[in-house]
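See structure below.
The values are calculated or read from the model by the stated rules, or taken from the named source; none is laboratory data. The shown structure was predicted, so the numbers you read here are calculated from the model rather than taken from an experiment. Cβ: placed from backbone, ideal geometry, glycine included. Neighbour counts: every protein chain shown. Keep in mind that these areas ignore ligands, DNA and RNA; they rest on the heavy atoms of the full protein, side chains included. Shrake-Rupley method; radii C 1.70, N 1.55, O 1.52, S 1.80 Å.
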Amino acid sequence: MSVPFLGFGLGLRTCYFDSIIDTRPQVDWFEVISENYFVDGGKPWYYLSQIKEHYPIVMHGVSMSIGSTSPLDMNYLAQLKRTIARVEPEWVSDHLCFSSLGEFNSHDLLPLPYTEEALIHLTARINQVQDYLERPMIFENVSSYLNYKQSELTEWAFLSELHQRTGCQLLLDINNVYVSSRNHQFDPMTYLNAIPTQAVAQIHLAGHSDFGTHIVDTHDQPICEEVWSLYRQYTQNRSPINTMIERDDNFPELAGLLQELNLAKGIAPSSWRTYG
């Protein structure tokens with residue numbers, strides 16, 4: 001099942017609530033962090049109820065830990081399902097990673113080994129989650145800082161095979177691809193071009209911190225020219241893909257993010273801006 005093309009969006013963060021309500025910026029849609037809305041009320045819901053009157057909303061989770069070998073957290077999934085019913089998002093995504101194992105929670109998005117065993121494990125868990133939520137899920141590629149000796153596939157071959165087996169689409173984070181390509185010395189366009197176009201439901205663009213010997217996906221800096229260049233190369237001659245600017249710290253004024261969003265619109269093929 002493909003998601004609709006909504007256009008160009010922003011991550012909805014608390015520091016922008018008032019500005020969005022007051023100025024009604026030219027943004028096609030907003031993405032919320034799912035877990036921030038697991039509560040029954042409070043500030044997030046107060047503002048979201050007003051914002052969703054004017055903008056489509058999508059949900060993006062950080063805690064599903066779909067790749068863990070611990071049993072799925074059914075309490076978490078129940079909270080997610082209730083929140084989905086209340087938000088009525090256009091689609092729901094999370095990360096293709098693990099963050100917890102038993103009682104241990106890393107509070108980080110840890111990469112998986114790219115093996116047949118992992119594919120079998122993920123396929124079963126994704127199907128279980130989609131059946132429980134009664135809707136398709138979308139999963140995002142994460143950045144990584146190590147490789148597993150056990151890996152049998154490249155990350156891009158692994159993602160393509162996972163899409164083939166489950167039908168679930170991907171949230172393609174181009175900054176994460178760039179971060180991993182620098183850390184592991186591979187060609188990022190080889191990765192991007194290997195992912196079936198029909199598998200990609202959404203694109204994330206974000207910034208990172210460059211330490212010279214390695215870079216870290218921090219989402220607290222402007223998008224760098226290398227990531228813009230990858231976005232430019234990737235989007236040419238492709239059908240429209242929902243694109244979003246993601247910022248999670250060191251927040252600029254809303255106008256600064258809108259400038260980046262307009263840059264993304266300008267880089268994408270002109271047909272994307274007139275689609276539909």
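Here is a check on your reading of the model: is Phe158 of a type in the set (Phe, Trp, Tyr), out of contact with any Cys (no Cβ under 8 Å at 6 or more places or on another chain) and open to solvent by less than 10 Å² (accessible area, probe 1.4 Å)? Judged against the criteria, Phe158 is a match. Could you list, in sequence order, all residues of the range 210-255 that are more than 19 Å from Ile33 (Cα to Cα), modelled with pLDDT under 95 and open to solvent by less than 30 Å² (accessible area, probe 1.4 Å)? Within the range 210-255, just Ile215 meets the criteria. The set of residues from the range 208-263 being touching a residue at least 60 places away in the same chain (Cβ under 8 Å), over 19 Å from the mean Cα position of the chain (by Cα) and under 28 Å from Leu110 (Cβ atoms) comprises just one member, His214. Here Arg135 qualifies as at pLDDT 95 or above, of a type in the set (D, E, K, R) and part of a loop (DSSP other than H, G, I, E, B). The set of residues from the range 185-209 being open to solvent by 40 Å² or more (accessible area, probe 1.4 Å) and either in contact with a Cys (Cβ under 9 Å, 6 or more places away or on another chain) or in a helix (DSSP H, G or I) (or both) comprises Thr190, Asn193, Ala194, Thr197, Gln198. If you filter the range 5-47 down to residues that are modelled with pLDDT under 95 and outside any helix (DSSP H, G or I), you find that the one that is farthest from Glu134 (Cα to Cα) is Gly42. In the range 265-273, the count of residues that are touching a Gly at 6+ places or on another chain (Cβ under 9 Å) and at pLDDT below 95 is one or more.
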